[in-house]
Amino acid sequence: MFSKEETKMIDLGRTSIDENFDEGVSQALDFLTKIGTGYLSQKNELEAGKMVISIREIGKAAALQGMENAVVNAIRALEKILQYSIEQNTEGTTIKVLLSFGTIGKTAAEQQMEIVAKLAASVLGENGNKAALLKKERETIAVAIGLGEIGKAVTKVEYPDLSGNTAICISCLGDIGKLTAQKSLEKAAVGVELMLEEMATAAMQENLQSAVGSIVDSIEEIGKSAEDEKMENAVFQAASALQTIMSSAGDRYLNAASIAAKIALESFNELDIINDEANLKKTHMIFFE
């Protein structure tokens, strides 16, 4: 249950969005941010999580209403809570915030709010690198999911091929993926590869050949880093993703992308893990268990 004051400010945020009243949204976000960090100082993650969800929903609603400044303010509010959550080592809240960036960024991308989607992706990319370096695997996976959601959304609205936010999402996922492999975070490495594969599927549906080629490069680099660290499941997932891309791209006559995936795949063939259903199930269980 929310307190009366919390309910009042949440309602203010929603009403202000309906009325396109930026100042009212700002007031509600400031209040929820302050209350959220207060709960974190008390290690009350349950109540802090409610504030995060409320800010996320305000940000999402503002994106649907086309209120760019309000959405940016929601992202900034979540950043403040994230920083405090990291300092307090409250992992559950940190993960909620990271996933919220993905939700808001995805909605912004679908509304063709390029600047907002870029901001959300950039915030996720920066925090994904930090989480991977600190070997915080669950947080890194949350970042991968968020970036993947934004990435899939931007491929459907951006033109020309590999423009702005599509490239940012691929680049951020690729960098994080390599770091997770180098830090022996196998579940996170598999998660990044899965998100890149989903992005490739979305890009192929839009015939974005350059984007698919860039994703292939990222998956190959992650797989090679995983191979150096002897992370069999991450290597297998890279090879499996490349095989799927090669086949799907060929079916769609995206010949350059299909050839790029084939060349990348050949370097993994000697491991004799391609088309191994048992390995595929095992890899997905590692990520989703």
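The values are calculated or read from the model by the stated rules, or taken from the named source; none is laboratory data. These figures come from a predicted structure and were not determined experimentally. Neighbour counts are summed over all protein chains in view; Cβ atoms, including those assigned to glycine, are modelled from backbone coordinates with ideal geometry. Areas reflect the complete protein model, heavy atoms only, side chains present, ligands, DNA and RNA absent. Shrake-Rupley method; radii C 1.70, N 1.55, O 1.52, S 1.80 Å.
In region 120-127, is there at least one residue being in a helix (DSSP H, G or I), open to solvent by less than 10 Å² (accessible area, probe 1.4 Å) and polar (S, T, N, Q)? No, because not a single residue in region 120-127 is in a helix (DSSP H, G or I), open to solvent by less than 10 Å² (accessible area, probe 1.4 Å) and polar (S, T, N, Q).
Return the only residue of 228, 217 being out of contact with any Pro (no Cβ under 7 Å at 6 or more places or on another chain), touching a residue at least 12 places away in the same chain (Cβ under 8 Å), open to solvent by 10 Å² or more (accessible area, probe 1.4 Å) and farther than 21 Å from residue 154 by Cα.
On the way: 217 fails: farther than 21 Å from residue 154 by Cα.
Only one candidate passes the filter, namely 228.
The residue that is nearest to residue 96 (Cα to Cα), among those in region 138-159 that are open to solvent by less than 50 Å² (accessible area, probe 1.4 Å) and more than 10 Å from the chain's Cα centre (by Cα), is 139.
Of the numbered conditions (1) surrounded by fewer than 18 Cβ atoms within 10 Å (Cβ to Cβ); (2) at pLDDT 95 or above, residue 5 fails exactly one; give the number of that condition. (2) is the only condition that residue 5 fails.
Being closer than 24 Å to residue 146 by Cα, at pLDDT 95 or above, of a type in the set (A, V, I, L, M, F, W, C) and open to solvent by 30 Å² or more (accessible area, probe 1.4 Å) is the requirement here; does residue 78 meet it? For residue 78, the condition - closer than 24 Å to residue 146 by Cα, at pLDDT 95 or above, of a type in the set (A, V, I, L, M, F, W, C) and open to solvent by 30 Å² or more (accessible area, probe 1.4 Å) - is not met.
Could you please find all residues in region 92-106 being open to solvent by less than 10 Å² (accessible area, probe 1.4 Å), under 18 Å from residue 61 (Cβ atoms) and of a type in the set (Val, Ile, Thr)?
Looking only at region 92-106, we keep the residues that are open to solvent by less than 10 Å² (accessible area, probe 1.4 Å), and these are 93-94, 97-98, 100-102, 104-105.
This time we only want the ones that are under 18 Å from residue 61 (Cβ atoms), so: 97, 100-102, 104-105.
Within region 92-106, 97, 104 meet the criteria.
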